[in-house]
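J.: Could you have a look at this structure, given as structure tokens, before my questions?
Bear in mind these aren't lab numbers, they're just calculated from the coordinates by the rules spelled out. Given the structure is predicted, the values throughout are model-derived calculations rather than measurements. With ideal geometry, Cβ positions are generated from the backbone for all residues, glycine too; neighbour counts draw on all protein chains shown.
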Ligand code: DX5
Ligand code: ZN
């Protein structure tokens with residue numbers, strides 16, 4: 001099973017609603033929402049009001065990726081705005097277990113994100129509590145960057161651990177995903193793929209999305 005989650009960070013903000021509807025019609029399975037605070041990452045994007053605006057325009061799950069310091073402070077806002085998944089960076093959470101429980105207490109599926117250099121050992125003891133693990137395959141902060149291949153063995157290793165423990169966790173990959181880079185990640189066991197520029201920079205979004213998905217299935 002391969003799910004594609006277009007990142008609206010790469011969309012045209014002047015017509016955001018239309019951009020969301022277009023990728024839903026093109027066969028997207030989730031909408032990926034990149035929230036950046038200018039502190040955890042060197043860039044600012046948007047907050048919960050953007051999610052609130054697009055939530056009624058789509059039936060797809062909203063996958064909120066918080067690249068922010070102090071995520072606990074904003075989880076209720078994003079839950080109320082209509083998040084289905086909220087993922088937080090292990091590097092930004094001093095009390096990760098508490099943060100994950102807080103997300104779940106709002107009826108939202110929690111996930112944890114690892115930067116490219118962060119070892120999977122940091123999440124060994126939280127796997128039973130999360131619905132998703134997101135591997136960054138670029139340094140977070142910007143769309144359109146080059147895929148970092150050295151993350152793939154981490155994906156493989158986590159995939160084995162999930163199988164051994166019989167857990168039901170989505171493995172999501174974020175950064176530099178296209179019809180080439182999806183291949184090793186899908187082989188390694190990932191199931192959800194974020195794609196920003198590889199979809200939104202193309203005239204024909206449906207074709208771009210289907211090309212990526214088919215490459216992942218092959
Ligand atoms: C990076 C974001 C990604 C990014 C993906 O900080 O988390 O979701 O927008 O964009 P592409 O697919 O262009 O690398
Ligand atoms: Zn993201």
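J.: Scanning for something more than 12 Å from ligand 2 (Cβ to nearest atom) and either at negative phi or assigned to a helix (DSSP H, G or I) (or both), does region 139-147 turn up at least one residue?
T.: Yes, because at least one residue in region 139-147 is more than 12 Å from ligand 2 (Cβ to nearest atom) and either at negative phi or assigned to a helix (DSSP H, G or I) (or both).
J.: Here is a further query. So residue 13 ticks every box in (1) away from ligand 2 (no atom under 13 Å from the Cβ); (2) closer than 21 Å to residue 176 by Cα; (3) within 17 Å of the chain's Cα centre (by Cα); (4) without any contact (Cβ under 8 Å) to a residue 40 or more places away in the chain but one. Which box is left unticked?
T.: (3)
J.: Let me ask you something else. Tally up the residues in region 1-30 that are in a helix (DSSP H, G or I) and surrounded by 18 or more Cβ atoms within 10 Å (Cβ to Cβ), please.
T.: Residues that pass the stated criteria total 7.
J.: Hey, among the residues in region 179-197 that are out of contact with any strand residue (DSSP E or B) (no Cβ under 7 Å at 6 or more places or on another chain) and not in a helix (DSSP H, G or I), which one's nearest to ligand 1 (Cβ to nearest atom)?
T.: 181
J.: Still on this structure, I have one more. I'd like to know if region 109-120 contains one or more residues that are under 21 Å from residue 71 (Cα atoms), within 14 Å of ligand 1 (Cβ to nearest atom) and part of a loop (DSSP other than H, G, I, E, B).
T.: For region 109-120, residues under 21 Å from residue 71 (Cα atoms), within 14 Å of ligand 1 (Cβ to nearest atom) and part of a loop (DSSP other than H, G, I, E, B): present.
J.: Filtering region 129-138 down to residues that are within 14 Å of ligand 1 (Cβ to nearest atom) and in a loop (DSSP other than H, G, I, E, B), which residue is surrounded by the most Cβ atoms within 10 Å (Cβ to Cβ)?
T.: 137
J.: Given the structure, is residue 126 touching a residue at least 12 places away in the same chain (Cβ under 8 Å), within 12 Å of ligand 1 (Cβ to nearest atom) and touching a helix residue (DSSP H, G or I) at 6+ places or on another chain (Cβ under 7 Å)?
T.: In short, no.
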